[in-house]
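Following: one structure in structure tokens, then a few remarks.
Here, each number is a calculation from the coordinates, and none is a lab measurement. All of these numbers come straight from a predicted model, not from anything done at the bench. Neighbour counts run over all protein chains shown; Cβ positions are idealised from the backbone, glycine included.
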Amino acid sequence: MHVSRSKPKLNAKMGLIVTSILSLVNAGIGTAIAVKENLPSITPVFTTGKPALEDFLTGNGTALSPPLYLCIATLLLIVLAFLPKWPGMVGVVGLTILGVIFLLGEFIETNTYRVLNPVTFNLPVALVVLTEIVLAQLMIAFGVITIIQERHAHRQAAR
């Protein structure tokens, strides 16, 4: 007897939403560590000179998390991504763009290289940094897959 099974389809949109939520959780952990250890954002391009908490609230974020306004934008885009049609697509595209911003932010942050250096290695901080790098890459991948799937579905419906 032959049982026909359909191929499981990757639910990239749900993957993007879950990954974005995990990124927010990681940002919360990173903010708590950065405020406790006073690790403000220090980059070759943007540095405010503010303490970590003030930098999180009104500046570039901390060495371990994006600024508050990007966390709020992430939350709003997650809510939009749950909606159907174009509002959902706005959420998906926005979260994908934020994934790119978060990844670039990790790579221009000087703290990333300091905590990953064997001489100055700091396990809790390194875990937050590495987790954010992985989550940002997953946000980008899931977002691109969702956009491609939605475009394909839209073209199929037009035929």
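Quick notes
- Sites Val100 and Thr47, calculated FRET efficiency, Cβ-Cβ separation with R0 35 Å, nearest 0.05: 0.95
- Dipole of the chain, positive end: most advanced residue of Thr47, Pro67, Ala136 [Cβ charges, Cα centre]: Ala136
- Among Pro66, Pro124, Pro84, the largest mean-square fluctuation in a Gaussian network model of the chain, built with springs joining Cα atoms closer than 10 Å, belongs to Pro84.
- Fewest-first ranking of Leu57, Leu70, Leu64, using other Cβ atoms within 10 Å as the exposure measure: Leu57, Leu70, Leu64
- Calculated FRET efficiency, Val18 to His154, Cβ-Cβ distance, R0 = 35 Å: about 0.90 to the nearest 0.05.
- Its residues counted as N, the chain yields a C-alpha radius of gyration over 2.2 N^0.38 Å of 1.21.
- Charge sum, other residues only, whose C-beta stays under 13 Å from Pro84's C-beta, Lys/Arg counted +1 and Asp/Glu -1: +1
- The count of lysine pairs in the chain whose Cα atoms are under 28 Å apart, excluding pairs fewer than 8 places apart on the same chain, comes to 4.
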